[in-house]
There are 2 protein chains.
Amino acid sequence: MDLFGALEAGGTKMVLAVLDSHGTLLEKTTLPTRTPEETMPAMTDFFRGFPIRSLGIGCFGPLDLNPASPGFGSITATPKLAWRGYPIVSAFRSALGIPVRLDTDVNAAALAESVLGAARGLESCLYVTVGTGIGGGLIIHGKPVHGLTHPEIGHIRAVPAAEDPMPGGICPYHGCCMEGMASGPALEKRWGVPGRDLPENHPAWDLESTYLAQLCASAMLSFSPEKIILGGGVMQQKALFPRIREKTVSLLNGYIVHPAVEDGLRDYIVEPGLGTESGILGSWLLAVRTEEES
Amino acid sequence: MDLFGALEAGGTKMVLAVLDSHGTLLEKTTLPTRTPEETMPAMTDFFRGFPIRSLGIGCFGPLDLNPASPGFGSITATPKLAWRGYPIVSAFRSALGIPVRLDTDVNAAALAESVLGAARGLESCLYVTVGTGIGGGLIIHGKPVHGLTHPEIGHIRAVPAAEDPMPGGICPYHGCCMEGMASGPALEKRWGVPGRDLPENHPAWDLESTYLAQLCASAMLSFSPEKIILGGGVMQQKALFPRIREKTVSLLNGYIVHPAVEDGLRDYIVEPGLGTESGILGSWLLAVRTEEES
């Protein structure tokens with residue numbers, strides 16, 4: 001039986017798993033994310049306990065994913081200073097002696113959703129997580145998109161709504177980008193309490209859907225994904241979905257003619273098909289595919 | 001010698017060409033775009049004069065490019081009413097009895113630039129034409145992007161500049177989208193004269209570069225192309241390029257860490273490598289590739 005290692009590397013926790021070639025989970029554990037010096041030995045110990053063929057990593061970013069770059073396979077400008085510049089791919093490769101494939105956490109989730117989840121059978125999808133930050137993973141022609149660096153759609157500009165009591169946004173780089181206006185911390189800063197404590201009829205959600213609809217409309221016009229999947233902690237407020245769909249249709253204003261739009265985007269802007277498992281399953285898919293491409 | 005037909009179908013003129021398998025031009029002609037009843041017979045007559053193996057068409061849009069759709073291969077919601085719903089692929093296929101491959105004019109141009117022009121050797125690029133409208137063609141993983149419909153990046157929202165005397169924009173669908181704010185007609189409406197009559201030091205160009213930098217920054221964050229190529233009539237004002245680069249770097253504000261950004265995007269936001277030939281050469285590439293994929 002072939003086994004594969006999967007690591008969902010997050011800013012607060014590391015999820016480690018071993019799966020077989022069918023994606024059946026054999027072992028899973030979670031470790032707090034401390035410094036590389038503290039956390040790496042515990043992770044390599046875990047993976048050494050299994051005869052895994054390869055390791056896939058879906059990692060917080062930004063990452064250097066350019067095979068031609070000297071920093072290929074490392075974490076770049078993260079605010080988590082202990083991990084800045086850390087060569088996570090080569091570290092695991094030398095510790096475990098197996099192929100390692102890295103992508104962003106959101107590209108891994110998008111890959112899993114496109115192969116096994118809400119975008120199964122499609123050649124393209126956008127996966128957006130709305131939580132501590134806003135990040136987007138992108139599959140086009142069946143493969144994760146990197147390009148110059150990798151997509152960072154959470155940082156496109158938002159157009160502040162007239163009724164927004166905090167029109168400036170909180171992103172240290174861009175102020176009122178999507179992350180600055182609609183992430184969990186932006187919600188909490190604006191309303192004084194975390195999103196999970198705001199009732200469904202609170203004006204926070206109408207404003208939140210305004211910004212996320214801007215993001216969806218911009219994505220549809222920019223690169224026309226076949227499905228938009230919205231996950232992450234903030235999207236646990238399910239009342240957001242119908243409002244985002246309605247406002248996205250309104251922003252497009254009849255310009256994109258397609259049955260999905262005529263249908264009110266009901267089957268187009270959707271929840272993850274894999275629940276909270278997209279990330280780890282995407283990391284597993286990266287591991288399975290190490291031999292296909294680096 | 002294998003010959004291929006190429007058609008660059010525009011709203012005002014049709015450019016028809018016959019090229020060999022190396023892309024050498026053997027014959028070229030231009031016809032005004034009238035109704036399909038008037039223009040199609042003249043076009044099929046031209047192509048019947050050569051033993052072409054296949055025909056590639058880069059066409060004004062929007063187009064139905066979904067092979068599963070009943071309207072596949074037709075022009076959809078164009079304001080050019082005589083062509084709305086016209087099944088251009090099946091019309092040429094039955095008239096000429098050869099394979100026909102259709103894509104948007106801008107995807108064709110992007111394809112040519114990625115194979116032969118400014119993005120040669122890269123897996124991805126965005127080609128934007130700034131003229132009567134603003135359109136974007138997108139290559140990712142070496143192939144044109146369609147997705148749900150096809151990219152229409154000219155219609156993403158612009159953030160009006162405080163100094164803009166026409167902050168509302170002229171797009172009938174979206175008001176202040178990029179096309180509504182920065183197309184040739186928007187320039188002319190705002191300043192009362194066509195862009196070609198405005199001197200290099202006119203404030204029009206500073207404002208124009210503000211909006212096109214918004215477009216470039218949004219593209220880089222959304223799907224991270226390896227090159228952005230700006231063509232079309234408005235970009236004949238070459239003084240735009242350094243200003244767009246500078247303002248794009250400023251909008252990114254240090255968030256995207258890459259040598260291309262550190263270099264001020266000098267070799268990243270560029271003119272077309274094929275001059276005004278991107279469209280017809282892209283149509284030729286579509287013809288050459290009919291056998292690879294529909």
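Set side by side, the residues A:T129, A:T104, A:T76 differ, and just one is more than 14 Å from chain B (Cβ to nearest Cβ) and closer than 17 Å to A:H150 by Cβ, which is A:T129. Filter the range A:264-281 for residues that are assigned to a loop (DSSP other than H, G, I, E, B) and within 12 Å of chain B (Cβ to nearest Cβ); which is surrounded by the most Cβ atoms within 10 Å (Cβ to Cβ)? Residue satisfying both the conditions and the ranking: A:L265. For the range B:231-242, does any single residue satisfy the condition of being touching a residue at least 60 places away in the same chain (Cβ under 8 Å) and of a type in the set (A, V, I, L, M)? Yes. The condition (being without any contact (Cβ under 8 Å) to a residue 24 or more places away in the chain, surrounded by fewer than 18 Cβ atoms within 10 Å (Cβ to Cβ) and closer than 29 Å to A:T78 by Cβ) is satisfied by just one residue among B:V261, B:V257: B:V257. Restricting attention to the range A:144-162 and to residues that are out of contact with any helix residue (DSSP H, G or I) (no Cβ under 7 Å at 6 or more places or on another chain) and in contact (Cβ under 8 Å) with a residue 40 or more places away in the chain, the residue that is farthest from B:L138 (Cα to Cα) turns out to be A:T149.
Please find, within the range A:107-120, the residue that is farthest from the other protein chains (Cβ to nearest Cβ) out of those that are outside any helix (DSSP H, G or I) and over 15 Å from A:I140 (Cβ atoms). Among them, the one singled out is A:G117. Scanning the range B:133-169 for residues that are more than 9 Å from chain A (Cβ to nearest Cβ) and not in a loop (DSSP other than H, G, I, E, B) gives B:I134, B:G135, B:G137, B:I139, B:P144.
State yes or no: is B:L221 over 15 Å from the mean Cα position of the chain (by Cα), assigned to a helix (DSSP H, G or I) and touching a residue at least 24 places away in the same chain (Cβ under 8 Å)? Judged against the criteria, B:L221 is a match. Find the residue count for the range B:224-257, including only residues that are in contact with a helix residue (DSSP H, G or I) (Cβ under 7 Å, 6 or more places away or on another chain) and part of a loop (DSSP other than H, G, I, E, B). Of the residues in the range B:224-257, 5 are in contact with a helix residue (DSSP H, G or I) (Cβ under 7 Å, 6 or more places away or on another chain) and part of a loop (DSSP other than H, G, I, E, B).
Of all the listed residues (A:S209, A:S183), the sole one being over 26 Å from B:G137 (Cα atoms), more than 11 Å from chain B (Cβ to nearest Cβ), in contact (Cβ under 8 Å) with a residue 24 or more places away in the chain and touching a Leu at 6+ places or on another chain (Cβ under 7 Å) is A:S209.
For the range A:132-142, the set of residues classified as under 21 Å from B:L148 (Cβ atoms) and touching a residue at least 24 places away in the same chain (Cβ under 8 Å) consists of A:G136, A:G137, A:L138, A:I139, A:I140, A:G142, listed by residue number.
Every number in this text was worked out from the coordinates using simple rules, so none of it is lab data. The structure displayed is predicted, hence computed values, not measured ones. Cβ coordinates were reconstructed from backbone atoms using ideal geometry, including for glycine residues, and neighbour counts include every protein chain displayed.
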